[in-house]
Amino acid sequence: MAEVKLHGRWYSPFLYRVIWALKLKGISYEYIEEDLSNKSPLLLQYNPVHKKIPVLVHSGKPICESMIIIEYIEEKWPQTPLLPSDPYERAKARFWVKFVEEKAPAFWSLYRSTGEEQKKALKDSSETLKIVEEQGLGEKKFFGGDSIGIVDIAFGAIAHWFGVFEEIVEVKVLEAHAFPRLHAWKVNFEEVPVIKENLPDRDKMLDYFKKRRIESLSASQ
Amino acid sequence: MEKQNEVVLFGTWASAFCKRVELALKIKGIPYEYVEEDLTNKSESLLHYNPVHKKVPVLVHNGKPISESLVILEYIDECWNNTPKLLPEDPYQRAKVRFWVNFFDHQIMARLLPIIMTRGEEREKAIKEFNELLKVFEEGINKDFPEEFPFLEGKTLGYLDIVVGTALCNYEAFHEVVDVVFSPEKNPVIMAWVKALKNHPLMKETLPPHDKFVDKMREKYLDQYP
């Protein structure tokens, strides 16, 4: 069988998107932890343009950008499909993936910023959650219907990390009373065995992101 | 009467994103109805079909709307599964094409506004950065598609051609209204590619007329950033 390698960083939501896709499809891979403050020559060779993780390397051929990697995985390994088979439903799924990608910065901004900037991030992320809940998820259990799909994976990474950020900045946004269906979705998503078994250690994450926030805020003063 | 394949495209004539879809439809030989939108007075149809973004382009196929130009292009390629194909068949090639289109949209095109908004030294710096990014793009395309570059010479237009062509073929308008940013000296590969694209009959048919486009750009950019 051709070899699959995945270069990542343990706390990256983008990495986990790819892990979830590989695990859901039962694809074996070798994981390589990258030190982003001291990037390996291999990473720089595989992703010369962005020098970022995740990078999937399949039989020596590198693929970059988490959602592009997932589309590749979907095409190479059709079992447990992550995209619907109908072209219109696929287009809808891709629309929501793009939406999530476009709106993601606000979620990070809530964590990274303070004052007015943070207030704006709070407003923007709430608005995004509202649109995603009402128009993306609707009455469905998962974005993919009865089982998780590409949109669940794309958004799931944002939502899970967002939970950690909310705790650090002591601001609750994705609450059950404000977003009942999305909150229920998050609970269900994190109960899916592949997801539950493949999440970074929460305490470790809290610790890491707390430290990073302090460092970056004091650096910008 | 039997329901045909009904395709309606909501767009604006000066938008490269809308031109992407028009070009894709023409490449595939798909008949469509075009509806020009006034973005200062959006139609009920547009708001109904794209409630999330309220933007063009929107493709409506047998009453079902699809938004976001790149999503629409992939939809067109999958739904009208005939030759010519817009994206390559091989998954690894597809991943590379998607990567470079993503880079083009998010890295390169994002650098035009900083040029428009600045003057003097700041603008020179912005133009330099733009040319450097184009160079990265050129080198990347050359490396990833060694057999195919330049793309044309009897070949049909593909996903990358569509995206690059609709964005850059009217570069002379940008030169006239804003500043000279594209040159064969700085970016020979891109310029050769754009030149070939400009001569393609479907591209010629799709692109907005130069003078009209210049007026629109003046209105859009100079009025906002005098």
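Screening A:Val187 against (1) surrounded by fewer than 18 Cβ atoms within 10 Å (Cβ to Cβ); (2) part of a loop (DSSP other than H, G, I, E, B); (3) among the hydrophobic types (A, V, I, L, M, F, W, C) leaves a single unmet condition, (2). Summed over region B:116-146, residues that are more than 20 Å from B:Gly165 (Cβ to Cβ) and more than 11 Å from chain A (Cβ to nearest Cβ) total 16.
Scanning region B:64-78 for residues that are surrounded by 19 or more Cβ atoms within 10 Å (Cβ to Cβ) and either over 15 Å from B:Val52 (Cβ atoms) or more than 8 Å from chain A (Cβ to nearest Cβ) (or both) yields a total of 8.
Counting only residues that are surrounded by fewer than 17 Cβ atoms within 10 Å (Cβ to Cβ) and within 23 Å of B:Lys85 (Cα to Cα), how many does region B:1-25 have? Step through it out loud before you land on a result.
Of region B:1-25, the ones surrounded by fewer than 17 Cβ atoms within 10 Å (Cβ to Cβ) are B:1-6, B:13.
Subset that is within 23 Å of B:Lys85 (Cα to Cα): B:4-6.
Going through region B:1-25 one residue at a time, the tally reaches 3.
Does B:Lys26 satisfy the criteria of being over 13 Å from the mean Cα position of the chain (by Cα), touching a residue at least 12 places away in the same chain (Cβ under 8 Å), away from chain A (no Cβ under 13 Å) and within 20 Å of A:Pro87 (Cβ to Cβ)? Working first, answer last.
Numbers: over 13 Å from the mean Cα position of the chain (by Cα): yes; touching a residue at least 12 places away in the same chain (Cβ under 8 Å): yes; away from chain A (no Cβ under 13 Å): yes; within 20 Å of A:Pro87 (Cβ to Cβ): yes.
In short, yes.
Considering region A:58-67, the residues that are over 17 Å from B:Glu89 (Cα atoms) and among the hydrophobic types (A, V, I, L, M, F, W, C) include one that is farthest from the other protein chains (Cβ to nearest Cβ), namely A:Met67.
Being in contact with a Ser or Thr (Cβ under 7 Å, 6 or more places away or on another chain) and free of Cβ contacts under 8 Å to residues at least 60 places away in the same chain is the filter; apply it to region A:68-117 and report the residue that is farthest from the other protein chains (Cβ to nearest Cβ).
Restricting attention to region A:68-117, the residues satisfying the condition of being in contact with a Ser or Thr (Cβ under 7 Å, 6 or more places away or on another chain) are A:95, A:103, A:106-107, A:110, A:112, A:117.
Cutting the leftovers down to free of Cβ contacts under 8 Å to residues at least 60 places away in the same chain gives us A:95, A:103, A:106-107, A:117.
Working: A:Phe95: 5, A:Lys103: 10, A:Ala106: 15, A:Phe107: 17, A:Glu117: 20 Å.
This residue is A:Glu117.
Within region A:103-136, the set of residues being farther than 15 Å from B:Val52 by Cα and among the basic types (Lys, Arg) comprises A:Arg112, A:Lys119, A:Lys120, A:Lys123. The condition of being more than 10 Å from chain A (Cβ to nearest Cβ), buried (at least 19 other Cβ atoms within 10 Å of the Cβ) and of a type in the set (A, V, I, L, M, F, W, C) holds for only one of B:Leu87, B:Leu157, B:Leu112, that being B:Leu157. In region A:147-173, the residues that are within 25 Å of A:Lys120 (Cβ to Cβ) form Cβ pairs under 6 Å with partners that are of a type in the set (D, E, K, R) and part of a loop (DSSP other than H, G, I, E, B), at six or more places apart or across chains, as follows: A:Glu166/A:Lys172.
Whether a residue is within 12 Å of another protein chain (Cβ to nearest Cβ) and under 12 Å from B:Val163 (Cα atoms) was assessed, and B:Val101 passes this test.
Taken over region B:50-107, residues that are closer than 30 Å to A:Glu134 by Cβ, more than 17 Å from the chain's Cα centre (by Cα) and among the polar types (S, T, N, Q) amount to 2.
Which of the residues belonging to region B:33-57 are away from chain A (no Cβ under 11 Å) and crowded, with 18+ Cβ neighbours inside 10 Å? Give the derivation first.
Filtering region B:33-57 down to residues away from chain A (no Cβ under 11 Å) leaves B:33-49, B:54-57.
Selection gives B:Glu37, B:Leu46, B:Tyr49, B:Lys55, B:Val56, B:Pro57.
Okay, residues lined up against (1) on the phi > 0 side of the Ramachandran plot; (2) touching a strand residue (DSSP E or B) at 6+ places or on another chain (Cβ under 9 Å); (3) hydroxyl-bearing (Ser, Thr, Tyr):
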{"site": "B:Glu6", "(1), (2), (3)": "no, yes, no"}
{"site": "B:Glu33", "(1), (2), (3)": "no, yes, no"}
{"site": "B:Pro51", "(1), (2), (3)": "no, no, no"}
{"site": "B:Pro57", "(1), (2), (3)": "no, yes, no"}
{"site": "B:Val60", "(1), (2), (3)": "no, yes, no"}
{"site": "B:Tyr75", "(1), (2), (3)": "no, yes, yes"}
{"site": "B:Glu78", "(1), (2), (3)": "no, no, no"}
{"site": "B:Pro88", "(1), (2), (3)": "no, no, no"}
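Being within 26 Å of A:Lys23 (Cα to Cα) and polar (S, T, N, Q) is the requirement here; does A:Ser216 meet it? The answer is no for A:Ser216.
I'd like to check something: does region A:167-179 contain any residue that is within 14 Å of the chain's Cα centre (by Cα), surrounded by 17 or more Cβ atoms within 10 Å (Cβ to Cβ) and of a type in the set (Val, Ile, Thr)?
Going through region A:167-179, the residues within 14 Å of the chain's Cα centre (by Cα) turn out to be none.
Within region A:167-179, not a single residue is within 14 Å of the chain's Cα centre (by Cα), surrounded by 17 or more Cβ atoms within 10 Å (Cβ to Cβ) and of a type in the set (Val, Ile, Thr).
Taken together, the values in this text are just the output of simple stated rules run on the coordinates, not laboratory data. Just so you know, these numbers come straight off a predicted model, no measurement behind them. Heads up, the Cβs are rebuilt from the backbone with ideal geometry, glycines too, and the neighbour counts pull from every protein chain shown.
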